[in-house]
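Report on the structure given below.
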Amino acid sequence: MDYTLDLDEARRFDQQDELAPFRKRFVVDDPDLIYLDGNSLGRLPKATQAHMKALIDRAWGQQLIRGWNLDWMEAAERIGGKLARLVGAHADEVVLADSTSVNLFKLAYAALHALPERHKIVTDDLNFPSDHYILQQLTRMMGRPIELCVLPSSDGVYGPSEDLLLAIDEDTALVTLSHTVFKTSFTYDMRAVTEHAERAGALTLWDISHSVGAMPIELNDCHVPLAVGCTYKHLNGGPGSPAFLYVSRQWQDKLVNPISGWMGQRNVFDFELQYDAAPGIRHFLTGTPFVLSQAAVEPAVDLFLEAGMDKVRAKAERQSRYLVALWEAWLKPLGFRLNSPREVEQRGSHVSLGHDEGLRVDLALIHDQQVIPDFRPPDNIRFGVTPLYTTFEEVFEAMKRLRSVVSEKLYEKYTDAPAVT
Ligand SMILES: *Cc1c(COP(=O)(O)O)cnc(C)c1O
C-alpha cells in the first residue's frame, strides 16, 4: 500500500475504522497522552469501573462472608470459560489462577512428570526471563537429570524455528516458548511447532501472554496440550490481575498439579486430610481465588468477545503496517532499526524500534513528548498498538514526535540515564 503519511491520511483511516467506537468504552483520562504500552498494561475499561464498585460496595461491603455463596467460587472457571472463546478452547479447558510464572511452573512440572523416560526441555533465548528461571529450577527438582536446551535466535529478532524442529527429538519431554516474544514481537507458527512436537511425543506449553487479546489463537485446532498467559496486557484486566492456564481435555486427568491445594480437592468443603484431585481443569487450582482482581477481567474479556478477535487482529495489522511505513520514511534515515519482523504476519501487536540512544529517546518521549512506549534492553523501544483504543492519529503523532526527539536531539538532556549497553 502507498501511504501519503500526512495527518489527513491518519484521520481518514480513523474515520474508516469500524472498531473506532470502542475507544469510548475506555477511560481516557488525558486525551493528549499517547499511550502505546497497552501490550504491557492495558487501559481501564469503563465497564470495569462500575463492575468493581458494585462488587466492593455490595458483595464485599454488604454480604461479607455470604459473598462466597454468590458466585465467588465459580468465577475463575466461568471467566476462564469466556476467555476460552478468545483462544479457541472449550470452556472447561481454561481457568483463571495465580500468576503466569506459577502456572508455567505447574504445567511444566506436570509435563516432565508425565513423561518420566524423557530428559529434555526445549526453549529459545527470546523467551521471557521468568519462564527461564522457572525452567532452570525445574531441571534441579525432578529427581532425574534434565537438560535445558536453549536455542539461540540467529539475529535477536526472529525465533530459531528451523533449529527448533531439529532439536525436538524422542528424548524431549517439553517444548515451551513464548508465542509472541516480548522484546521483538516475533510470533511463532503455533501449529507447526506443536504438531512437530506431538509427532515426537513431546508436550508443548505455550506462553501466550503477549498474543492473547492481540490475535485469534486456535489452541484446540493446533492440538495444543498446555498454555498459560496473563490478563493485564492486551486483555486490559488491570494491574496484578490473575493469569490463566489451559489444559486440553485430553490431558487434564493424566497430569498432576505439583502445588496441590484445597481448591483442587474433589470436595473442597469436606476438609478431608487426604488429597483427592478434582476431575477436569479444577485440580490445577491451588488456593483461594483472587475474587477482586479476577472480577476485573470479566468486563475486559467481554469487550473482545463483542468486537471479535478477527477484527481486532485486522486493525492491529493495519496499524502496525502503518507504523512500519512511518519508520521507514522518517526514522530509518535517523538511525532507527526495525527490531521486529518485517512481515506483518510474523509480528504480534507491538513493534520494537532500536536506536543507539534508545533509553534516552524513550525517556524524552515519556517526560517531554506525552508519548508512553516502553524500553527493553539493550536498545528496544516498544510501541504497542491495541486496536480497541489506539487511533491511527496517535500512531502518526507518536512517530512524528519520535522523529523530532532524534532530529532535534531532544534526548540529550537525559545525560544522567544509565548507560545503554
Ligand atoms: C508478562 C509476561 C509474563 C508475566 O508473568 P507473571 O508471572 O504473571 O508476572 C510471563 N511470560 C510472558 C511471556 C510475559 O510476557
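Among GLN319, GLN250, GLN370, whose mean-square fluctuation peaks in a Gaussian network model of the chain (Cα, cutoff 10 Å)?
GLN250
For the chain, with only Lys/Arg (+1) and Asp/Glu (-1) charged at the beta-carbon, what is the dipole magnitude about the Cα centre, in debye rounded to 20?
Working: 43 positive and 59 negative charges, 147 e Å.
Dipole magnitude for the chain comes out near 700 debye.
Taking all protein chains as present, what is the carbon and sulfur share of the accessible area of the chain, in % to the nearest whole number, probe 1.4 Å?
Here it works out to 53 percent.
Looking at the chain, send over the antiparallel percent of its DSSP beta bridges, to the nearest 5.
Taking every DSSP beta bridge with both residues in the chain, the antiparallel ones total about 50 percent.
How would the range 1-131 be classified by its alpha-carbon gyration tensor: rounded, prolate or oblate, with rounded meaning a/c under 1.5 and the a/b versus b/c comparison settling the rest? Please report the intermediate quantities before stating the final value.
On the way: a/c = 2.52, a/b = 1.21, b/c = 2.08.
Verdict is oblate for the range 1-131.
When a/c reaches 1.5 or more, the comparison of a/b and b/c decides; with that in mind, is the chain rounded, prolate or oblate per its Cα gyration tensor?
Since a/c reaches 1.5 but b/c is at least a/b, the shape of the chain is classed as oblate.
Could you give the spread of the C-alpha atoms of the range 71-305 along their three principal axes, from largest to smallest, in whole angstroms?
49, 41, 28
For the range 375-410, list residues with backbone N below 14 Å from a point placed 7 Å from the Cα of GLN15 toward its Cβ?
393
Taking R0 as 45 Å, what's the FRET efficiency between ALA325 and ARG144 from their Cβ-Cβ distance, rounded to 0.05?
Once the sixth-power term is evaluated, E becomes 0.30.
Once the Cβ-Cβ distance between GLN274 and ASP169 is put in as r, and R0 is 60 Å, what FRET efficiency do you end up with, to the nearest 0.05? Kindly include the intermediate steps, with their values, before the conclusion.
Working: r = 39 Å, r/R0 = 0.65.
Efficiency computed from Cβ-Cβ geometry: 0.95.
If I model a spin label as a point 7 Å beyond the Cα along the Cα-Cβ vector, how far apart are those points for TYR133 and LYS24 in nm?
Placing both labels 7 Å along Cα→Cβ, they lie 4.4 nm apart.
Starting from the Cα of SER99, step 7 Å along the direction of its Cβ; do the same at LEU33; then give the gap between the two resulting points in nm.
Calculated label separation equals 2.4 nm.
If I model a spin label at ASP310 and ASP125 as a point 7 Å from the Cα along the Cα→Cβ vector, what separation in nanometres do I get?
In this crude spin-label approximation the distance works out to 4.1 nm.
Can you give the accessible area of LYS332, probe radius 1.4 Å, in Å² rounded to 10?
100 Å²
The values are calculated or read from the model by the stated rules, or taken from the named source; none is laboratory data. Note that the coordinates shown come from a computational prediction; the quantities given were computed from them, not determined experimentally. All Cβ positions, glycine included, derive from the backbone under ideal geometry; neighbour counts span all protein chains shown. The protein model used for the area step is the full one, side chains on, heavy atoms only, and it has no ligands, DNA or RNA in it. Shrake-Rupley method; radii C 1.70, N 1.55, O 1.52, S 1.80 Å.
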